[in-house]
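Trainee: Take this structure, written in structure tokens, and hold onto it; I'll ask about it next.
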Amino acid sequence: MAERWSRRGGRQAGDEALIRSLYEEHGRSLLAYATRLTGDRAAAEDVVQETLVRAWKHADDMVNQKGSVRGWLLTVARNIITDRARARAVRPTEVAETPTAPPIQRDHAQSVVDSMAVLSALNTLSAEHRDVLVEIYYRGKSVTEAASTLGLPPGTVKSRSHYALKALRTAMAEQPAEVTR
């Protein structure tokens, strides 16, 4: 291998010839080795390509060292596979969002904006209307329970809740478009 590379006229003229001859002589065994270690043909092809790039970058070291060129290539391939496995182990697995697998935690920004819009609209209501809505919708009380808490007849609570919701809808419609949807 060293003789072939040096006969081709040095680094610039021999780069392509060196890589081509490395692939012709060692490509099949390198691919088989990488496929066995990764269990994935596409990943193994990437490893072979990266191995040959490193061989091109370190051609002098590879050719002038003791030992076989194939041993050097297989060692580089094994190191690349090990580095990739370690990198995957450090990072959490990426999972794409799909309609069938929604994200674990929803973005709460819209609910915060909605709450702010409702609170702003509630502040525009009279105290009587606001108190009725708070008892019925915020505290979850029935009309009878809200009437008892507020000291009002149930019919008055029903009437105030009707008019309070109507006023709340109007107030929400008058808010700027950025706050409401």
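Trainee: How big is the charge dipole of region 41-88 about its Cα centre, in debye rounded to the nearest 20, if each Lys and Arg gets +1 on its Cβ and each Asp and Glu gets -1 on its Cβ? Present the calculation step by step, with values, prior to reporting the outcome.
Mentor: Working: 9 positive and 6 negative charges, 41 e Å.
It works out to roughly 200 debye.
Trainee: Along region 139-151, what does the Karplus equation 6.51 cos²θ - 1.76 cosθ + 1.60 (θ = phi - 60°) give for ³J(HN,Hα), rounded to whole Hz, x for Gly and Pro?
Mentor: Whole-Hz 3J(HN,Hα) from phi for region 139-151: 8, x, 8, 6, 4, 5, 5, 5, 4, 5, 5, 7, x.
Trainee: Next question. Please list 3J(HN,Hα) in residue order for region 65-73, calculated via the Karplus relation 6.51 cos²θ - 1.76 cosθ + 1.60 where θ = phi - 60°; whole Hz, with x for glycine and proline.
Mentor: Per-residue couplings from phi come out as 7, 6, x, 8, 5, 4, x, 5, 5 Hz.
Trainee: Apply the Karplus parameterisation 6.51 cos²θ - 1.76 cosθ + 1.60, with θ equal to phi minus 60°, to every residue of region 116-124 and state each ³J(HN,Hα) to the nearest whole Hz, in sequence, with x for glycine and proline.
Mentor: Values, residue by residue: 5, 5, 5, 4, 5, 5, 4, 5, 7 Hz.
Trainee: Run the numbers for residue 82 and residue 112: contour at 0.36 nm per residue of separation, minus the present Cα-Cα distance, in nm.
Mentor: Difference between extended and current length: 6.2 nm.
Trainee: Need one number: convex hull volume per residue for region 109-154, Cα atoms only, in Å³.
Mentor: About 61 Å³ per residue, rounded to a whole number.
Since every read-out is calculated from the coordinates, none of them should be taken as a lab result. Quick caveat, the model's predicted, so the values are computed rather than measured. With ideal geometry, Cβ positions are generated from the backbone for all residues, glycine too; neighbour counts draw on all protein chains shown.
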